[in-house]
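Take a look at the structure below.
The values are calculated or read from the model by the stated rules, or taken from the named source; none is laboratory data. Source: prediction; values computed, not measured. Using ideal geometry, Cβ is built from the backbone for each residue, glycine included, and neighbour counts are taken over all protein chains shown. Accessible surface is based on the protein model in full, side chains and every heavy atom, while ligands, DNA and RNA are left aside. Shrake-Rupley method; radii C 1.70, N 1.55, O 1.52, S 1.80 Å.
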Amino acid sequence: MAKSKEEDFNFPDDEDNIDENSSGVIYQNQSNIPDLKVAIPDELPVLPLKDMVVFPYMMFPILAGRESTIAAINNSLEKDKFIMLVSQLDEKIEEPTFENLNKTGTVAKIIQVLRLPNGLIKVLVDGLVTAKVNKFKSDKFISAEIEILFNPFKKDTELEALIRQATKLFTDYVNTNRSIPQETLVAFENIKEPDRKLYYIASTISADVSKKQKILEMNDIHKQFYEILYILGSEMEVLNVEKEIDAKIYQTMQKNQRKFIVQEQIRILQDELGEGMETDPDLIKIREQIEASGMPEPVLKKAMDEFNKLKKIPSMSPDHSVIRNFLDWMVSVPWSKFTEDNFNLINAKKILDEDHYGLEKAKDRILELMAVLKLLHDKNIKKSPKGQILCFVGPPGVGKTSLGKSIARAIDRNFVRISVGGVRDEAEIRGHRRTYIGSMPGKIIQAMKKAGSVNPVILIDEIDKMSSDFRGDPSSAMLEVLDPEQNSTFNDHYLDVDYDLSNVLFITTANVYYNIPLPLLDRMEIIEMRSYLDFEKLQIAKKHIIPKEILEHGLTDSMIKIPDQIILLIIQEYTREAGVRNLEREISSVIRKVTREIVEKGGSKPGKKIIISEEQVRKYLGVQKYKQKIAEDKLSDNIGSVVGLAWTSMGGDILHVDVNIMKGANKFILTGKLGDIMKESAQAGFSYIKSNASKFNIPESFFKEKEIHIHLPEGAIPKDGPSAGITMIMAMISAITKNPVRPDVAMTGEITLRGNVLPIGGLNEKLLAAVRSGIKTVLIPKDNEKDLIEVPEEILSKLIIIPVEKVEDGIPFVFKNKKILFKK
């Protein structure tokens with residue numbers, strides 16, 4: 001229906017009788033209400049309200065945009081301008097249904113309509129009376145059959161008390177809530193009727209729609225006032241807490257501001273007087289620590305410069321914490337504190353023997369180092385001898401790290417361990433510059449702080465496992481640390497001063513030395529620590545592992561005994577390692593289960609001594625985990641199958657090489673998850689055999705239309721390296737000539753196209769694997785003969801070692817047929 005401009009701006013005539021509070025709610029001070037029950041129709045259009053409740057006696061502007069709502073407003077304007085205002089249960093629903101509307105609302109009259117350019121309608125409504133919806137109807141808009149609710153009341157003493165209490169709380173609420181203007185109280189005081197006072201308070205307070213709807217639905221004014229008092233009380237508690245929080249924040253800000261002003265005044269006065277006396281206890285403490293630290297003169301100067309900066313920077317400044325952290329590190333790192341060394345070589349040897357069985361070469365080298373340190377100490381030279389950085393290289397579990405601890409204990413020095421395995425950032429070693437947030441010194445300076453002295457023993461563990469990326473190469477940073485010519489002026493990026501590391505005894509550990517960069521390897525003395533033999537593991541278990549485990553499990557020697565043959569059984573059938581870590585776990589498991597049985601049978605008092613049997617080991621540890629590789633069982637009378645020797649990170653092992661010759665296209669097949677180096681060795685061996693076919697009595701036509709397949713069992717395990725070259729040549733000769741090999745012979749050696757046998761590494765571990773597997777004869781490169789001096793006699797006494805310079809030199813010892821195959 002079209003409206004004129006005058007109708008769109010149809011404001012109420014009596015503007016003096018309208019009050020408006022801060023929330024936009026308008027209260028009309030009407031004194032005479034007509035007989036609404038007669039004037040209001042029984043069916044009215046419904047205007048759904050989002051997030052609000054309109055009470056009687058209240059004028060409120062409503063912005064309408066939904067088509068159904070605009071249709072309801074237009075319908076009301078066409079008739080008598082009455083409309084039913086009902087709150088939604090869920091204000092998020094755009095088009096509410098009957099189920100989403102409350103059944104109680106307020107009948108209002110449209111006072112003003114303003115049509116906006118964007119199609120919305122702004123409606124000013126005047127709440128008249130509460131009504132109940134009997135039935136909703138729907139067409140273009142929602143309408144409802146309504147019933148007017150009149151709640152008559154009698155002004156009694158209880159109601160008067162409720163009004164006074166509500167007035168008092170409402171006054172406090174308005175005075176405390178800064179978002180409500182004081183004019184609200186003036187309008188409230190002008191209201192005389194109890195129900196209008198009630199609805200005025202309910203419209204003004206900040207409460208949930210559900211709480212306001214509850215007040216609207218109540219049919220007793222006393223209950224309505226009690227609900228209002230409850231809501232006002234809850235809101236006052238929240239406002240009081242907010243007030244206390246604001247007061248605390250204000251006090252803190254005032255205190256910090258006052259402290260800052262006083263500090264600035266003191267600083268200005270000190271600058272004027274030319275004095276630098278500290279008044280802050282923290283500054284006094286830092287200055288005392290700097291003076292007592294024993295820093296060299298250049299370092300002390302830098303520390304005092306930073307300290308003077310700290311005095312002038314406000315404590316609230318970010319730079320204050322940065323400088324404070326820097327000074328804390330400067331005073332916590334040792335600069336001049338030495339620990340007294342104990343150079344008693346007899347006592348040192350005793351300690352080393354107590355902690356480790358065997359390792360004679362490593363122990364001798366340590367005692368030599370201590371002897372040098374003692375002579376330097378006697379001459380009052382505190383520097384460590386140059387070129388004395390030891391690197392223990394060996395398989396896991398052989399005691400590299402624990403040997404470093406024993407060295408520190410033997411000479412009474414502090415011990416710190418640094419693990420650099422997986423480190424790929426140079427800043428991990430040198431530290432981060434202070435320009436970065438969260439910067440800190442590197443691992444070396446952190447270790448010195450932890451040690452607390454300038455002459456500790458620092459063990460750098462897993463030095464072969466450092467790597468590099470875009471953040472730098474930590475191994476290059478380690479060059480300065482481990483170089484005696486440079487580490488006296490080691491410069492950490494965080495401290496940015498020279499730090500003397502020349503008094504530190506550095507020890508490094510690695511599993512393999514060929515992963516260490518050559519410049520770094522050149523700065524260290526390599527001490528190889530071989531795998532333990534079975535009899536050595538037996539002694540380690542008896543002297544070290546079992547006594548320690550018995551003590552840690554609360555037992556005594558009189559309660560349990562593990563015989564030697566049982567220890568060997570555990571070593572051979574339940575562990576497969578170069579060291580003794582798994583052996584320690586298995587023995588611990590046995591002792592733990594025995595401890596449980598002792599407790600279950602009646603306590604910890606000494607009773608009959610338990611002697612562990614093989615049956616108990618099977619019960620405690622389960623089925624056999626490892627079976628010894630016995631060469632005779634697998635290679636008896638086999639052609640084309642030869643035993644090689646391999647080195648692994650877990651020690652030595654035997655390696656079977658099988659060769660088959662088949663008719664087919666000229667193919668050379670290699671399987672068994674072989675690496676590139678091993679594949680190249682096989683191809684070099686095949687080329688050697690083809691070029692010397694006549695010497696091996698092999699017809700020249702033999703290789704035509706033949707497929708040669710070389711396979712190394714245990715295909716899931718990667719294999720690589722050149723040392724299986726001679727093994728693959730012997731296996732191919734055996735398969736081609738149909739000559740069986742001796743099952744008790746094993747070999748190792750790299751080969752060339754001319755048949756020369758080149759030296760290999762890991763000889764100790766390989767010979768140990770041969771003994772374990774029942775091998776009697778071993779072929780080794782001639783150039784490795786000199787290394788036999790380092791092999792224990794217990795291994796050499798059980799083997800026949802044949803050094804060979806060329807492949808043909810080993811042929812008489814490999815094949816069962818004593819006839820010499822090779823024609824010289």
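Here are a few things to note about the model shown:
- Each residue in segment 518-540 was checked for being in a loop (DSSP other than H, G, I, E, B), open to solvent by 50 Å² or more (accessible area, probe 1.4 Å) and under 22 Å from GLU485 (Cβ atoms), and 2 of them qualify.
- Residue check for LEU551: at pLDDT 85 or above and under 26 Å from GLU354 (Cβ atoms): yes
- Test for LYS223: is it modelled with pLDDT of 85 or more and more than 30 Å from ASN240 (Cα to Cα): no
- Within segment 293-314, the set of residues being free of Cβ contacts under 8 Å to residues at least 24 places away in the same chain and open to solvent by 60 Å² or more (accessible area, probe 1.4 Å) comprises GLU297, LYS301, ASP305, LYS309.
- Within segment 560-599, the set of residues being in a helix (DSSP H, G or I), of a type in the set (D, E, K, R) and within 15 Å of ILE545 (Cβ to Cβ) comprises ASP564, ARG581, GLU584, ARG585, GLU586, ARG592.
- If the condition is being without any contact (Cβ under 8 Å) to a residue 60 or more places away in the chain and open to solvent by 60 Å² or more (accessible area, probe 1.4 Å), then segment 501-517 contributes TYR514, ASN515.
- Residue in segment 490-500 that is surrounded by fewer than 21 Cβ atoms within 10 Å (Cβ to Cβ) and assigned to a helix (DSSP H, G or I) present: no
- Filter pass, ASP461 being acidic (Asp, Glu), crowded, with 18+ Cβ neighbours inside 10 Å and within 32 Å of the chain's Cα centre (by Cα): yes
- Scanning segment 460-478 for residues that are out of contact with any helix residue (DSSP H, G or I) (no Cβ under 6 Å at 6 or more places or on another chain) and farther than 16 Å from GLN446 by Cβ yields GLU462, ILE463, LYS465, SER467, SER468, ASP469, PHE470, ARG471, GLY472, ASP473, SER476.
- Among residues of segment 43-66 that are touching a residue at least 12 places away in the same chain (Cβ under 8 Å) and at positive phi, those with a beta-carbon under 8 Å from a residue that is open to solvent by 20 Å² or more (accessible area, probe 1.4 Å) and hydrophobic (A, V, I, L, M, F, W, C) at least six positions away or on a different chain give the pairs ASP51/VAL209.
- Taking the numbered list (1) at pLDDT 85 or above; (2) within 59 Å of the chain's Cα centre (by Cα) in turn, LEU124 passes all entries but (2).
- Check on THR737, free of Cβ contacts under 8 Å to residues at least 60 places away in the same chain, out of contact with any Lys or Arg (no Cβ under 7 Å at 6 or more places or on another chain) and either closer than 22 Å to VAL814 by Cβ or among the polar types (S, T, N, Q) (or both): no
- Some residue of segment 82-96 being among the polar types (S, T, N, Q) and within 60 Å of the chain's Cα centre (by Cα): yes
- Filter pass, GLY675 being in contact with an Asp or Glu (Cβ under 6 Å, 6 or more places away or on another chain), at pLDDT 85 or above and exposed (fewer than 14 other Cβ atoms within 10 Å of the Cβ): yes
- Positions within segment 678-708 being in contact (Cβ under 8 Å) with a residue 24 or more places away in the chain, farther than 30 Å from LYS627 by Cα, open to solvent by less than 40 Å² (accessible area, probe 1.4 Å) and not aromatic (Phe, Trp, Tyr), in sequence order: ALA684, GLY685, ILE689, ASN692, ILE698, GLU707, ILE708
- When segment 657-672 is filtered for residues that are in a loop (DSSP other than H, G, I, E, B), open to solvent by 30 Å² or more (accessible area, probe 1.4 Å) and not aliphatic (A, V, I, L, M), only ASN666 remains.
- Answer residue from segment 223-242, given it is free of Cβ contacts under 8 Å to residues at least 40 places away in the same chain and open to solvent by 20 Å² or more (accessible area, probe 1.4 Å) and is farthest from SER179 (Cα to Cα) among those: LYS223
- Of everything in segment 600-619 that is surrounded by fewer than 11 Cβ atoms within 10 Å (Cβ to Cβ) and outside any loop (DSSP other than H, G, I, E, B), the residue that is modelled with the lowest pLDDT is GLU600.
For every residue, the table says whether it meets (1) of a type in the set (A, V, I, L, M); (2) in contact (Cβ under 8 Å) with a residue 60 or more places away in the chain; (3) surrounded by fewer than 17 Cβ atoms within 10 Å (Cβ to Cβ).
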| residue | (1), (2), (3) |
| --- | --- |
| MET732 | yes, yes, no |
| PRO743 | no, yes, no |
| ALA746 | yes, yes, no |
| ILE751 | yes, yes, no |
| LEU768 | yes, yes, no |
| LYS782 | no, no, no |
| ILE800 | yes, no, yes |
| PRO803 | no, no, no |
| VAL814 | yes, yes, no |
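- Qualifying residue in segment 381-389 (condition: buried (at least 20 other Cβ atoms within 10 Å of the Cβ) and touching a Lys or Arg at 6+ places or on another chain (Cβ under 8 Å)): yes
- Exclusive hit being among the small types (Gly, Ala, Ser), outside any loop (DSSP other than H, G, I, E, B) and farther than 26 Å from ASN219 by Cβ, set ALA108, ALA144, ALA72: ALA72
- Selection over segment 569-586 of residues that are within 15 Å of GLN616 (Cβ to Cβ) and among the aliphatic types (A, V, I, L, M) gives a count of 2.
- Taken together, the residues in segment 124-144 that are farther than 14 Å from PRO96 by Cα and free of Cβ contacts under 8 Å to residues at least 12 places away in the same chain amount to 1.
- Taken over segment 573-623, the residue count meeting the criterion of being under 24 Å from LYS400 (Cβ atoms) and free of Cβ contacts under 8 Å to residues at least 60 places away in the same chain is 8.
- Considering residues of segment 404-448 that are within 24 Å of the chain's Cα centre (by Cα) and within 27 Å of ILE351 (Cβ to Cβ) only, the residue surrounded by the most Cβ atoms within 10 Å (Cβ to Cβ): ILE444
- Members of segment 583-599 found to be crowded, with 18+ Cβ neighbours inside 10 Å and modelled with pLDDT of 85 or more, listed by number: LEU583, GLU584, GLU586, ILE587, VAL590, ILE591, VAL594, THR595
- Residues (surrounded by fewer than 17 Cβ atoms within 10 Å (Cβ to Cβ) and either on the phi > 0 side of the Ramachandran plot or not in a loop (DSSP other than H, G, I, E, B) (or both)) located in segment 325-350: ASN325, ASP328, SER332, LEU345, ILE346, ASN347, LYS349, LYS350
- Test result for THR184, of a type in the set (S, T, N, Q), surrounded by 11 or more Cβ atoms within 10 Å (Cβ to Cβ) and in contact with a strand residue (DSSP E or B) (Cβ under 9 Å, 6 or more places away or on another chain): yes
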